[in-house]
Each structure stands twice: as structure tokens, then as C-alpha cells.
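Student: Sharing a structure below in C-alpha cells format, with a few things to ask.
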Amino acid sequence: QIVILAQVLAHRSNLGYDMLGDLHLKTMNGVEIRSLPQLFKLLTDSQDEYLKFEFAPGGIVVVLERSTYVDVTAEVCKEHRIGEPVVLTDPSLDIPSKRRNYMFRRTS
């Protein structure tokens, strides 16, 4: 599987990144990304100060502060009228509700 950044929703915290789209996520904090469930686990388990995403083509790098991205995700969802920040439709994923504060959309 590959993970694609389809679109970045505009927000004051991601100025400049909102023009990105249709990019293949290669790594997060140096770990090769092989699936959306793996990315979700890496994000929710991360204790790093920053989240560094590397994309192809072009080697584009996006760096976000881990400590603020949960609150920013909630703001982005509210501003763009998104009801649920996480929708994972894979029943094999056992994700406690408290970990659903992250913006991902996965369809089968």
C-alpha cells in the first residue's frame, strides 16, 4: 500500500503547506510508511517533538509540532465542517476512541 496526501486544508498553522497535494508519503520521522494503519499508529504513539513527513516526488519535507497538531486538527475540522477527524473503516484496526483525535480518512 501507499499513502497519498491528496489535499491540505487551509489553516493559519499550515501556511504554505495548503498548496501541497497528490504527493506520496515516503517517511515519517525516518520510518518508511507502508500503510495508513501503520502511519496512524506511528502518529498516535510518537513522543517526538516534531513530526517530519517526507514526500515524493521532489523530496518535499513537512514538519509539524506534535504538541499542537491534535488541537489544530480539531480547529481544521470545525472550520471545514468535518464531523469526524478520523474515519477508519478497516474492522481489523482496534483503535480506542481516545485515539481518534487525528485527521485521517481511510476508505476500503
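The values are calculated or read from the model by the stated rules, or taken from the named source; none is laboratory data. Note that the structure is a prediction, hence the values are computed from the model and not measured. Heads up, the Cβs are rebuilt from the backbone with ideal geometry, glycines too, and the neighbour counts pull from every protein chain shown. Please note that ligands, DNA and RNA were not included when accessible areas were found on the heavy atoms of the full protein model with its side chains. Shrake-Rupley method; radii C 1.70, N 1.55, O 1.52, S 1.80 Å.
Student: Hey, can you tell me all the residues within the stretch 84-108 that are touching a helix residue (DSSP H, G or I) at 6+ places or on another chain (Cβ under 9 Å), modelled with pLDDT of 50 or more and open to solvent by 70 Å² or more (accessible area, probe 1.4 Å)?
Tutor: E84, S92
Student: Among the numbered conditions (1) under 22 Å from I2 (Cα atoms); (2) more than 12 Å from the chain's Cα centre (by Cα); (3) not hydrophobic (A, V, I, L, M, F, W, C), tell me where T44 comes up short.
Tutor: (2)
Student: How many residues does the stretch 60-73 hold that are closer than 16 Å to A6 by Cα and loosely packed, with under 13 Cβ neighbours inside 10 Å?
Tutor: Residues meeting the conditions: 1.
Student: Something else: Every residue in the stretch 5-29 that is open to solvent by less than 90 Å² (accessible area, probe 1.4 Å) and either closer than 13 Å to P57 by Cβ or among the charged types (D, E, K, R) (or both), please. Before the answer, list the steps.
Tutor: To start, the set of residues in the stretch 5-29 that are open to solvent by less than 90 Å² (accessible area, probe 1.4 Å) comprises 5-6, 8-11, 13-14, 16-18, 20-21, 23-25, 27-29.
Of everything in the stretch 5-29, those that are open to solvent by less than 90 Å² (accessible area, probe 1.4 Å) and either closer than 13 Å to P57 by Cβ or among the charged types (D, E, K, R) (or both) turn out to be L5, D18, L20, G21, L23, H24, L25.
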